[in-house]
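Below is one structure; the comments refer to it alone.
The values are calculated or read from the model by the stated rules, or taken from the named source; none is laboratory data. Note that this is a predicted model, so its numbers are computed, not measured. All Cβ positions, glycine included, derive from the backbone under ideal geometry; neighbour counts span all protein chains shown.
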Amino acid sequence: MLKGRLGLETARIPHADRSGLLWLSRGALTARDGTLSFERGPSGSAANDPLEPGHYAIPFQGVSMILLGPGSTVSHDALRLLARHGTALAAVGEDGVRCYTAPPLIADRSGLARRQARAWADPNVRLHVARRMYAWRMGEVLPHQDIAVLRGIEGARMKETYRLMAAQIGIEWRGRRYDRARPGANDAPNQALNHAASAVEGAAAIAVSATATLPQLGFIHEDSGQSFVLDVADLFRDSVTIPVAFRAARRVTEKGAGENIERVTRRECGRTLSRERTIPKMIERIKALFEEIEEPVPPDA
């Protein structure tokens with residue numbers, strides 16, 4: 001979305017077309033000139049390290065995983081680049097004999113994940129869960145039993161929601177548009193919606209991780225590896241994403257060209273997520289979503 005900034009516009013390379021592992025140690029992994037750079041000073045040399053002191057451009061999009069050995073540091077921008085392109089990073093001990101990387105934020109229980117999997121695997125229950133999510137958003141239980149019809153109704157209502165909220169906040173709205181090839185060409189409200197949606201999806205990813213539910217098993221979204229994350233984020237589109245985006249767009253429009261739409265939107269979104277305690281609410285929604293899905297009874301019970 002940010003053309004030219006840290007290489008984020010570059011397409012990701014499938015892992016089948018990448019090399020395997022890249023070992024780096026005793027240096028600093030940072031972002032420089034749109035790519036990763038690894039810097040080793042004279043003091044970083046060791047007898048068993050073949051890499052000489054100096055600056056090295058790292059072809060991170062062409063490897064599946066970077067092993068970061070002792071005496072190394074990594075910057076925030078480097079982590080962001082790695083995450084964007086699906087390149088794994090692991091902190092390892094000397095010669096790779098230990099793995100020190102902190103594990104993902106996953107609860108030490110699998111009950112919710114099992115319930116989610118059972119609900120997803122049964123087409124009737126999967127539709128029931130999707131209808132419940134739509135009911136939470138729309139304030140009514142729709143009678144329709146076809147997910148495509150439900151999606152169409154939701155899309156039509158969202159158009160009206162955009163129009164009403166734009167009028168309420170006081171911005172000009174000409175419809176939802178997004179040119180993926182030229183994201184900066186969109187008007188301020190559409191750019192702000194993109195940035196706010198990304199931030200709320202990040203919050204939803206935290207909630208999904210915290211509940212140890214399965215991001216791939218969505219009930220409304222299907223194809224994405226983050227389908228359930230998108231489902232959860234959509235529950236807060238009306239209450240968080242759209243208001244945040246339109247407030248940010250109004251501020252940028254009023255202040256003029258000196259304001260950066262991404263920065264303003266993300267800061268506004270951060271304040272809202274904290275003030276509204278959105279992530280705890282997402283966690284409670286996830287728990288409530290599967291509360292009727294019963295645990296199986298053991299055969300010898």
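Annotation note: Cβ proximity below 7 Å between a residue of the range 129-140 that is part of a helix (DSSP H, G or I) and a residue that is among the β-branched types (Val, Ile, Thr) and crowded, with 19+ Cβ neighbours inside 10 Å (sequence gap 6+ or interchain) occurs for 130/220; 133/220.
Within the range 63-87, the residues that satisfy the criterion of being modelled with pLDDT of 85 or more, surrounded by 14 or more Cβ atoms within 10 Å (Cβ to Cβ) and under 13 Å from residue 24 (Cα atoms) are 66, 67, 68, 69, 70, 71, 72, 74. Tell me, yes or no, whether the range 237-244 has at least one residue that is buried (at least 24 other Cβ atoms within 10 Å of the Cβ), part of a helix (DSSP H, G or I) and touching a Ser or Thr at 6+ places or on another chain (Cβ under 6 Å). Yes: the range 237-244 contains one or more residues that are buried (at least 24 other Cβ atoms within 10 Å of the Cβ), part of a helix (DSSP H, G or I) and touching a Ser or Thr at 6+ places or on another chain (Cβ under 6 Å).
For residue 249, the requirement of being over 25 Å from residue 83 (Cβ atoms), in contact (Cβ under 8 Å) with a residue 60 or more places away in the chain and of a type in the set (Gly, Ala, Ser) is met.
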